[in-house]
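Engineer: Input: one structure, supplied below.
The values are calculated or read from the model by the stated rules, or taken from the named source; none is laboratory data. Note that the structure is predicted; figures quoted are calculated from it, not measured. FYI the Cβ positions are ideal-geometry reconstructions off the backbone, even for glycines, and counts take in every protein chain you see.
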Amino acid sequence: MRDVSDKLLHLVRHGEVYNPDKVLYGRIPGFRLSERGHEMAEAAALELAGSDRKIAKLFASPLERAQQSARPISSVFSLEIQTEPRIIEPTNFFEGMVNNGPDAAFKKPRYWYKFWNPVRPSWGEPYRNVAARVREAMDDAWENTRGGDIVMVSHQSPIWMAHLDIVGKPLPHNPAKRRCDLSSITTFEKRGERWFEVDYRNPAAGLVDDAIDVGAV
């Protein structure tokens, strides 16, 4: 990746979670990285280290999988992990329910009433709220960081909301078509008052094919 500026902001998704029941874990405590998830997190840390850029600050969502995914980055760059609640996973009605295969909760007619407004969406935190809080966290980190890049370890939905909002696309979307793989790195730069997306990398691509990735609806 070319050096776009002396400061970039990288949104890193956490690695695979140990989730044998394939439920939508959302904000439920106790969901940790799988063994493969730790390998993915290491891959993201090595990718950042290989970019030969200084990382000045490291933030992570308060959820355990994000904190665990931030640790290899913390180790490589000798940085403290700062917890940033504004980049947490959105709330979701389907938390704790099966979200994969024929038994997925969203396929059951008794739950279809939760889909009455996919634009909001009616099953969880409004997309606009998610985008706003993530961008606010990005703005604050950018304004308060000097002399290096910023890394924020978050989740698929918050990262994708920031992406859509920054590139000027509608926030309502098909969750199955998000370009935000496990341990991927989406990179942004702020020029004046405007954010630009400048790169997307998938350092754990070789580990993703067999991974259990139960994305939110």
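Engineer: Out of the range 192-217, which residues are modelled with pLDDT under 95 and either of a type outside the set (D, E, K, R) or within 13 Å of LEU9 (Cα to Cα) (or both)?
Structural biologist: GLY192, ALA205, GLY206, LEU207, VAL208, ALA211, ILE212, VAL214, GLY215, ALA216, VAL217
Engineer: Right, ARG65: buried (at least 22 other Cβ atoms within 10 Å of the Cβ) and assigned to a helix (DSSP H, G or I) or not?
Structural biologist: Yes: the conditions hold for ARG65.
Engineer: Checking LYS107 against (1) over 24 Å from GLY147 (Cα atoms); (2) in contact (Cβ under 8 Å) with a residue 24 or more places away in the chain, which single condition isn't satisfied?
Structural biologist: Exception for LYS107: condition (2).
Engineer: Out of all the residues in the range 138-154, which are crowded, with 19+ Cβ neighbours inside 10 Å and either without any contact (Cβ under 8 Å) to a residue 12 or more places away in the chain or among the aliphatic types (A, V, I, L, M) (or both)?
Structural biologist: Hits for the range 138-154 are MET138, ALA141, ILE150, VAL151, MET152, VAL153.
Engineer: Still on this structure, I have one more. Please specify each residue of the range 174-207 satisfying the condition of being more than 23 Å from GLY50 (Cβ to Cβ) and among the aliphatic types (A, V, I, L, M).
Structural biologist: Across the range 174-207, the qualifying residue is only ALA176.
Engineer: Moving on to the next point. Only one residue in ARG86, ARG71, ARG120, ARG110 is within 27 Å of HIS173 (Cβ to Cβ), at pLDDT 95 or above and among the basic types (Lys, Arg), so which one is that?
Structural biologist: ARG86
Engineer: Mind telling me which of the residues LYS54, LYS114, LYS107 ends up being surrounded by fewer than 20 Cβ atoms within 10 Å (Cβ to Cβ), under 23 Å from LEU11 (Cβ atoms), among the basic types (Lys, Arg) and more than 18 Å from the chain's Cα centre (by Cα)?
Structural biologist: One residue alone meets the criteria, LYS54.
Engineer: Given the options SER157, SER75, SER122, name the one that is surrounded by fewer than 16 Cβ atoms within 10 Å (Cβ to Cβ) and not in a loop (DSSP other than H, G, I, E, B).
Structural biologist: SER75
Engineer: What is the one condition in (1) modelled with pLDDT of 95 or more; (2) touching a Gly at 6+ places or on another chain (Cβ under 8 Å) that TYR25 does not satisfy?
Structural biologist: Condition (1) is where TYR25 drops out.
Engineer: Take VAL134 and tell me if it is under 11 Å from the mean Cα position of the chain (by Cα), at pLDDT 95 or above and of a type in the set (Val, Ile, Thr).
Structural biologist: So VAL134 fits the description; yes.
Engineer: How about the range 162-217: which of its residues are part of a strand (DSSP E or B), of a type in the set (A, V, I, L, M, F, W, C) and free of Cβ contacts under 8 Å to residues at least 40 places away in the same chain?
Structural biologist: PHE196
Engineer: Pick from the range 78-113 the residues that are assigned to a helix (DSSP H, G or I) and of a type in the set (A, V, I, L, M, F, W, C): which of them is farthest from SER34 (Cα to Cα)?
Structural biologist: Taking the candidates together, the pick is TRP112.
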